[in-house]
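Asks: After the structure tokens below, expect a handful of questions from me.
Bear in mind these aren't lab numbers, they're just calculated from the coordinates by the rules spelled out. Note that this is a predicted model, so its numbers are computed, not measured. Here the Cβ positions follow ideal geometry from the backbone for every residue, glycine too, while neighbour counts run over all protein chains shown.
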């Protein structure tokens, strides 16, 4: 695709195909585990690093 | 005399400008110990470290609970816990990474929560202020406070120049009360909030603290009349995945070098704080190979922005807003997945970078739509906090 065309509609270009799925999985992986401490769901605290890990796994898988 | 109430803060440096004014009304309890130490060095009174409330008993209790939570995850793995039914190869690898990842992350998070619990039990804060809403640290404060009926406030540490209403993690809102820099940020989040400006940029309006262009250039050894470009780098985060990641950044860097060489420019590489230390060497080698003269720096951004005839940002960086505040023209070198709004700086994928640099002009409209209360945001932000945390 020409650079000028990309510039007109840039925000969603190049998004990894698994991105939305990874975003959901970063929370849903522990749906059945009831991981709560002092009233706080641990999965919400771990979402950011988990998202990083899952994206790396998917990227590696898709590059392989 | 009634003691000041306690305000709990995550401790982001973008809110540092607010600390002295907040300390006049509150005793500040910081989750980030380095921030607490810095606040102490600034001479502020009544500074507390939230981790300082953690005694041995609570610490051990949190570690034990973390062990039991890890056991729960291990048991789930043995019973066939699946990450993604559609990708069996990933599921089979889970036992190799999940146990250690979970144990380390959960233990740190639970010890932190125990410290917050101890602090809140003893000091009963009247509010929580965070600068981001994604990391384990900030969420521990916000989620715990919400669970205990303590007001939670979020003044973001940066604009996210992503698609509005994106599902990117940075668009998630956990805190109850939001404040924004101005029109753009309020529209981006799309929720009610208060437009207070950006306290961390107030000082850019106080000229006495900013070097003139002439002094900045002399200080960096730039020969008079030399075209000077500042390249604000970025780093690749894996919370979103666009394009080819680090390869895209390297391609853009080569474009930057090519443009600097064509323009016979002095190139200041202003590194992103998140970049690894060995990147400095990488930039140095690139400049030597391309025979481009210049400097590489991580701190003192204002010198790099003031000395430049044009600032080239790798992706839509908040450094570009700082440059625009100082009246320095900005060009965006595009990267996938993020973009300044159409009324922001002009941009390119790189093939016409030289022409974009030469045509770039200051953009006060960009600043106006990004930032309310220029130079006076600290006052407005503190007022916002005081209106809620009583």
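Asks: How large is the convex hull of the Cα atoms of segment B:2-47 per residue, expressed in Å³ as a whole number?
Replies: It is 57 Å³ per residue.
Asks: Shifting gears a bit: Between residue B:342 and residue B:205, what FRET efficiency comes out of the Förster formula 1/(1 + (r/R0)^6) with R0 = 25 Å and r the beta carbon distance, rounded to 0.05?
Replies: Using R0 = 25 Å, I get an efficiency of 0.45.
Asks: From other protein chains only, count the Cβ atoms within 10 Å of every residue's Cβ in A:20-30, then give the mean.
Replies: Taking the mean over all residues of the peptide, I get 4.
Asks: Mind sorting B:120, B:242 by how few other Cβ atoms lie within 10 Å of their own Cβ, fewest first?
Replies: So the residues, fewest neighbours to most, are B:242, B:120.
Asks: Measuring from centroid to centroid over Cα atoms, what is the spacing of segment B:16-62 and segment B:263-288 in Å?
Replies: Rounded to whole Å, the Cα centres lie 35 Å apart.
Asks: Related question: Given the convex hull over the Cα atoms of the protein assembly as shown, what projected area results after averaging over all orientations, in nm²?
Replies: Taking the Cα atoms of the protein assembly as shown, their convex hull projects to 23.2 nm² on average.
Asks: Still on this structure: For chain B, set up a Gaussian network in which alpha carbons nearer than 10 Å are linked by springs, and say which option among B:127, B:80, B:56 fluctuates the most.
Replies: Highest fluctuation of the listed residues: B:80.
Asks: Please give the Cα centre distance for segment B:227-249 versus segment B:337-390, rounded to the nearest Å.
Replies: 19 Å
Asks: Mind giving me the FRET efficiency for residue B:227 and residue B:277? R0 is 41 Å, r the Cβ-Cβ distance, nearest 0.05 is fine.
Replies: 0.90
Asks: Still on this structure, please answer the following. Work out the mean other chain Cβ neighbour count within 10 Å for the residues of B:77-90 and drop it here as an integer.
Replies: Per residue, the number of nearby Cβ atoms from other chains is 3 on average.
Asks: Name the most mobile residue of B:277, B:259, B:86, meaning the one with the largest mean-square fluctuation, in a Gaussian network model of chain B with Cα contacts below 10 Å.
Replies: Of the options given, B:86 has the highest mean-square fluctuation.
Asks: Counting partner chain Cβ atoms within 10 Å of every residue's Cβ in B:159-171, what's the average?
Replies: Mean number of neighbouring Cβ atoms from other chains: 2.
Asks: If I stretch the segment between residue B:361 and residue B:290 completely, what's the gain in nm (0.36 nm per residue apart, minus their alpha carbon distance), one decimal?
Replies: 22.9 nm
Asks: How big is the convex hull of the Cα atoms of segment B:73-194, per residue, in Å³?
Replies: Looking at segment B:73-194, the number lands at 142 Å³ per residue.
Asks: Taking chain B as a Gaussian network, where each spring joins two C-alpha atoms under 10 Å apart, which residue of B:129, B:38, B:100 fluctuates the most?
Replies: Maximum among the listed residues: B:100.
Asks: If you don't mind, another one. For chain B, how big is Rg over Rh, using alpha carbon atoms and the Kirkwood form of Rh?
Replies: Result: Rg/Rh = 1.00.
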